[in-house]
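The values are calculated or read from the model by the stated rules, or taken from the named source; none is laboratory data. Because the structure is predicted, anything quoted here is derived from the model rather than measured. Using ideal geometry, Cβ is built from the backbone for each residue, glycine included, and neighbour counts are taken over all protein chains shown. Ligands, DNA and RNA are excluded from the accessible area calculation, which covers all protein heavy atoms including side chains. Shrake-Rupley method; radii C 1.70, N 1.55, O 1.52, S 1.80 Å.
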Amino acid sequence: MQRYVTYEHPLNERVRTFLRLEFLFRQIKHFMSGATVWDSRSVITNMMDILTVFGRGDLKTELIKELERHASSLGRLSETPGVDHAQLKNILHWLTKLRTVLHDKEGPLGQELRENDFLNTIRQRSSIPGGTCDFDLPVYHQWLHLPHERRDADLERWLTSLDTVRQAIELVLKLIRNSAEPANMTAPGGAYQHNLDPSVPFQLVRIALPAESPYYVEVSGGKHRFAVRFLESRADERAQQAVEDVAFRLTCCAL
C-alpha cells in the first residue's frame, strides 16, 4: 500500500487555531509516555503554549459555535438514504455533550491552570529564551527531580482540565477531514491554482504526495481561492519549484 505525506492548509483563522492546538495536544500525548525529566519538561512547555493560544480571543465561544454548527449540519442528514444512523446518532451525542460541558464551564479556558501558582511561575518565565533554566526556577528544578510517578500524577491532574477542549477539537477536525473524498490532480510545471465556491463553507485544504516524492508543498490563499507550489529542497541551496508536472491528491474539506 502506497504511503502518502499530507500537507494541510486552513482556510479560516478558527481552523488554523484548532490545528495548532491539535499539534500541541499530540506532542503532549507523545511525551506523556516518557519517564525522563525532559519528557516532563516537554509536557509543561506544550501546556504553556496551549494556555497562550487560549488567551488569543474567545476560544470557548468559537468552539461552542463550531460544535453547534456541525450538529446542525449533520442533523439534516438523518433523513438522507444510506446514512449510518447509529454512527450519526453517536456523533451527534458527542457534539451535544461536549458543547454542554464547555457551555457549563465557568470562566475562560485554562483558568484553573492560570491560577495555579506553580504553573503560573513557569508560564511567566517561558517567554524568555532559556528562562526555565534550573537557576531561574529552583522550585521547578525540584519538582522535575521528584519520582516519575509523582510528576506523572501532577501532569495527569492538570491535563484533565484541558480534556474537553482536546476531545472537541479532535472531533471537529475529524469531521472536517472526513467531509470530502480526495481527487487525483496534476500541477503543470509544479504549480496549481484552484477557485472555491463561495457558497460552500470550505474549511481545510489537504494535499497528499507519495512519501517517496522529492517535493514538498507550499499553499497560499483563503476561502475563495488558493495556490499550490511543489518545491524541491536542496542542501545549502534555495528550494526550487518543480519543472515537471506533479501528480497529487487534493481534498477540499467543507462542512
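Residue-wise test of (1) within 20 Å of residue 26 (Cα to Cα); (2) in contact with an Asp or Glu (Cβ under 9 Å, 6 or more places away or on another chain); (3) modelled with pLDDT of 90 or more.
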| position | (1), (2), (3) |
| --- | --- |
| 40 | yes, yes, yes |
| 54 | yes, no, yes |
| 61 | no, no, yes |
| 64 | no, no, yes |
| 80 | no, no, no |
| 102 | no, no, yes |
| 135 | no, no, yes |
| 140 | no, yes, yes |
| 153 | yes, no, yes |
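Kindly indicate whether any position in the stretch 10-24 is modelled with pLDDT of 95 or more, out of contact with any helix residue (DSSP H, G or I) (no Cβ under 7 Å at 6 or more places or on another chain), under 26 Å from residue 148 (Cβ atoms) and not acidic (Asp, Glu).
yes
The rows are residues; the columns are (1) open to solvent by 70 Å² or more (accessible area, probe 1.4 Å); (2) more than 30 Å from residue 215 (Cα to Cα); (3) assigned to a helix (DSSP H, G or I).
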site	(1), (2), (3)
6	no, no, no
16	yes, no, yes
44	no, yes, yes
61	no, yes, yes
72	no, yes, yes
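Scan 51, 95, 88, 109 and give me the residue that is of a type in the set (A, V, I, L, M, F, W, C), out of contact with any His (no Cβ under 9 Å at 6 or more places or on another chain) and closer than 21 Å to residue 177 by Cβ.
Just a single option satisfies the conditions, and that option is 88.
Residues in the stretch 109-118: is at least one touching a Ser or Thr at 6+ places or on another chain (Cβ under 7 Å), without any contact (Cβ under 8 Å) to a residue 24 or more places away in the chain and within 16 Å of residue 48 (Cβ to Cβ)?
No, the stretch 109-118 contains no residue that is touching a Ser or Thr at 6+ places or on another chain (Cβ under 7 Å), without any contact (Cβ under 8 Å) to a residue 24 or more places away in the chain and within 16 Å of residue 48 (Cβ to Cβ).
Restricting to the stretch 1-59, name every residue that is of a type in the set (A, V, I, L, M) and within 13 Å of the chain's Cα centre (by Cα).
15, 19, 21, 24, 28, 50, 53 - these are the residues of the stretch 1-59 that are of a type in the set (A, V, I, L, M) and within 13 Å of the chain's Cα centre (by Cα).
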